[in-house]
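Structure record follows, encoded as structure tokens.
The values are calculated or read from the model by the stated rules, or taken from the named source; none is laboratory data. Note that the structure is a prediction, hence the values are computed from the model and not measured. All Cβ positions, glycine included, derive from the backbone under ideal geometry; neighbour counts span all protein chains shown.
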Amino acid sequence: VKKNPGEPEFHQAVREVLESLKPVVDANEEKYRKEALLERLVEPERIIMFRVPWVDDNGNVQVNKGYRVQFNSAIGPYKGGLRFHPSVYLGIIKFLGFEQIFKNSLTGLPIGGGKGGSDFDPKGKSDREVMAFCQSFMTELYRHIGADTDVPAGDIGVGAREIGFMFGQYKRIRDAYEGVLTGKGLTYGGSLVRTQATGYGLLYLTEELLKLNGKELAGKTVAVSGAGNVAIYAIEKAYQLGAKPVTCSDSAGWIYDPEGIDLAALKEIKEVKRARLTEYKNYRPNAEYHEGKGVWSVKVDVALPCATQNELQLEDAKQLVANGCFAVCEGANMPTTLEATEYLQENGVIFAPGKAANAGGVATSALEMSQNSERLSWSFEEVDAKLQGIMVNICHNMADAAKKYGNEGNYVMGANVAGFEKVAEAMLAQGIC
Ligand code: NDP
């Protein structure tokens with residue numbers, strides 16, 4: 001805390017990981033201490049911070065902050081998204097980059113951990129303004145990334161439009177057509193299923209985890225928070241697997257639609273119109289719209305937080321348990337606070353942490369990198385089948401790791417241990433660096 005002041009989200013992520021690694025660390029104490037393994041693990045290999053000046057539609061110059069944290073490259077090139085949101089500061093990017101190390105390792109693919117972003121808010125900006133910002137952002141970032149060095153992707157506020165603008169600028173400056181970003185459009189090197197991957201992957205893992213616990217997803221009622229990329233495709237796959245998602249939310253309010261969320265309406269509002277959820281009433285007059293927070297007050301069997309960090313707090317956890325919810329699987333990164341996680345686990349709720357449950361996005365990004373390297377495009381079915389296989393594997397690996405260290409059913413511990421072991425071994429093998 002002293003070395004990294006004013007970064008509570010980073011402290012929270014590190015504490016959660018280190019606490020759950022205790023049995024592994026105890027078993028290897030001397031080796032890890034001698035090589036300062038944990039001290040190196042929590043210190044990013046490189047932090048890049050830069051100025052992003054751009055001109056708005058009124059001709060005024062705006063200045064934002066840009067970040068890229070290249071956290072750990074022990075098992076592959078840095079890989080992780082870019083977040084554009086006014087709440088972004090170094091502590092958020094460090095927490096996300098730290099989590100990314102273990103998530104990427106869990107996928108079984110050769111990718112290291114990184115994350116980046118800006119306090120720029122794409123909301124309410126014209127396409128030209130977003131392009132001006134993205135071009136300026138890439139005009140600095142390009143010198144630090146590359147297909148074999150660091151491959152950013154999307155995250156909150158960064159979708160296909162932003163990735164397209166940044167890819168165009170990178171290509172122009174570098175004069176190189178390479179897979180330097182993932183989440184690209186299908187006409188220029190993107191992968192089928194990448195758009196759906198995080199939401200679909202979340203549901204593949206949830207279904208498998210319920211199966212492991214003798215339960216079934218089909219026929220269950222599901223609460224989803226968020227209304228962005230992850231939430232929309234989580235809702236889509238939930239329907240495909242026979243469940244009924246009844247909620248969604250954005251930063252202004254939330255929807256409860258007891259008959260099940262109207263997916264076509266949600267896509268039109270969020271993906272086409274880029275509008276607020278207040279519009280949902282125009283499509284479904286019988287649905288409820290509430291301002292503020294509240295998705296976790298609805299009686300459901302399964303909860304899937306898919307919006308942002310710390311959105312599911314102790315009071316929400318209590319309400320979910322009181323309403324009979326038996327599984328919480330995180331689509332977002334660290335959406336559940338430490339206290340809420342503990343409460344859920346103590347009350348027998350099956351809890352899958354984001355670094356396992358939302359790893360489908362980065363896994364499919366790594367598949368996009370493979371396709372770019374071999375200059376081929378795989379079919380939807382091929383990528384989807386690989387994604388499903390990866391999520392089922394992650395599910396079993398985290399369950400087995402928890403069992404191995406005597407903590408069966410503690411998937412937070414299982415995911416951290418399973419992700420950590422490979423990274424630790426690679427770091428030790430590569431010497432002090
Ligand atoms: P989007 O920008 O597409 O959507 C984010 C959604 O969450 C929006 O509905 C947004 O509402 C809401 N939201 C964001 N910030 C807040 C906030 N502070 N309070 C309340 N609601 C908020 O992002 P994604 O769907 O891509 O990402 C969602 C989460 O999933 C993030 O934690 C991200 O890191 C994680 N994730 C995403 C992956 C991906 O592939 N996209 C991969 C792995 C993890 P509003 O529009 O009103 O801001």
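Summary of computed values
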read-out: Residues that are aliphatic (A, V, I, L, M) and out of contact with any Cys (no Cβ under 6 Å at 6 or more places or on another chain), drawn from segment 246-291; value: Val246, Ala252, Leu263, Ala264, Ala265, Leu266, Ile269, Val272, Ala275, Leu277, Ala287
read-out: Pairs where the first residue, in segment 331-358, is free of Cβ contacts under 8 Å to residues at least 12 places away in the same chain and the second is assigned to a helix (DSSP H, G or I) and within 13 Å of the ligand (Cβ to nearest atom), C-beta under 9 Å, 6+ apart; value: none
read-out: Single condition Val423 does not satisfy, out of (1) touching a residue at least 60 places away in the same chain (Cβ under 8 Å); (2) part of a loop (DSSP other than H, G, I, E, B); value: (2)
read-out: Restricting segment 297-309 to residues that are within 16 Å of the ligand (Cβ to nearest atom) and touching a residue at least 40 places away in the same chain (Cβ under 8 Å), the residue that is surrounded by the fewest Cβ atoms within 10 Å (Cβ to Cβ); value: Thr308
read-out: Helices (runs of 4 or more DSSP H) within segment 208-296 that include 2 or more residues within 10 Å of the ligand (Cβ to nearest atom) and at pLDDT 95 or above; value: 229-240
read-out: Entirely in segment 42-131, the strands (runs of 3 or more DSSP E) that have 1 or more residues that are touching a His at 6+ places or on another chain (Cβ under 7 Å), on the phi < 0 side of the Ramachandran plot and modelled with pLDDT of 95 or more; value: 46-55, 61-72
read-out: Selection count where residues are aliphatic (A, V, I, L, M) and touching a residue at least 40 places away in the same chain (Cβ under 8 Å), scope segment 50-66; value: 2
read-out: For Met413: the one exception among (1) closer than 20 Å to Thr198 by Cβ; (2) surrounded by 24 or more Cβ atoms within 10 Å (Cβ to Cβ); value: (1)
read-out: Check on Tyr177, farther than 25 Å from Glu129 by Cβ and more than 10 Å from the ligand (Cβ to nearest atom); value: yes
